[in-house]
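Heads up: the structure comes next, in structure tokens.
The values are calculated or read from the model by the stated rules, or taken from the named source; none is laboratory data. Because the structure is predicted, anything quoted here is derived from the model rather than measured. As a convention, Cβ positions derive from the backbone with ideal geometry for all residues, glycine included, and neighbour counts pool all protein chains shown.
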Amino acid sequence: MHASISRFTGDPDDLTRRVDELFQHVPADNVRLLLIVRHDDGITMIDTCPTRDAYERFRASGWIERAFADVGLPAPTVTDHPVHLAVVDGAVISGRDIGLAATA
């Protein structure tokens, strides 16, 4: 799994409204793991692709930049990184199963 981290600066209420509008047009089965994090001066979107190659093809397509522009999102600062471990509801969805404790 490979993650892109897009940081948008601006009013978080306005930015999240625009992101919500964007994702009304994205099929749910196209999203494996996505987080939108609010902070005082904007939002951060953490999105994932199954592999680095898939991420590079997606970025090269230009689709996301057009989608951001279509809903009035400013151009974000983007970095990308390999995912070491992803866990959702106690299930490892990427990385090796590290044997999470059964209870907290």
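The residue that is nearest to Phe58 (Cα to Cα), among those in the stretch 7-44 that are out of contact with any Ser or Thr (no Cβ under 7 Å at 6 or more places or on another chain) and of a type in the set (Gly, Ala, Ser), is Ala28.
Given the condition in contact with a strand residue (DSSP E or B) (Cβ under 6 Å, 6 or more places away or on another chain) and either farther than 25 Å from Phe8 by Cα or polar (S, T, N, Q) (or both), answer yes or no: does some residue in the stretch 82-101 qualify? There is at least one residue in the stretch 82-101 that is in contact with a strand residue (DSSP E or B) (Cβ under 6 Å, 6 or more places away or on another chain) and either farther than 25 Å from Phe8 by Cα or polar (S, T, N, Q) (or both). Would you please name the residue that is nearest to Met1 (Cα to Cα), looking only at residues in the stretch 58-86 that are of a type in the set (Val, Ile, Thr) and either modelled with pLDDT under 90 or under 14 Å from the mean Cα position of the chain (by Cα) (or both)? Applying the filter and picking the extreme gives Val83.
Within the stretch 1-36, being farther than 20 Å from Ala75 by Cβ and exposed (fewer than 11 other Cβ atoms within 10 Å of the Cβ) holds for Gln24, Pro27, Ala28, Asp29, Asn30.
Applying a threshold of 7 Å to beta carbon distances and a minimum spacing of six or more residues, or different chains, the list of pairs starting in the stretch 28-50 at a residue that is among the hydroxyl-bearing types (Ser, Thr, Tyr) and ending at one that is not in a strand (DSSP E or B) reads Thr48/Met1; Thr48/Arg32; Thr48/Leu33; Thr48/Val83.
Name every residue in the stretch 53-100 that is part of a helix (DSSP H, G or I), in contact (Cβ under 8 Å) with a residue 40 or more places away in the chain and of a type in the set (A, V, I, L, M, F, W, C), in order of residue number. First the steps, then the outcome.
Restricting attention to the stretch 53-100, the residues satisfying the condition of being part of a helix (DSSP H, G or I) are 53-61, 63-70.
Still in the list and also in contact (Cβ under 8 Å) with a residue 40 or more places away in the chain: 54-55, 59, 67-68, 70.
Correct list: Ala54, Ala67, Phe68.
Restricting attention to the stretch 37-51, the residues that are surrounded by fewer than 15 Cβ atoms within 10 Å (Cβ to Cβ) and either in contact with a Pro (Cβ under 8 Å, 6 or more places away or on another chain) or not in a strand (DSSP E or B) (or both) add up to 6.
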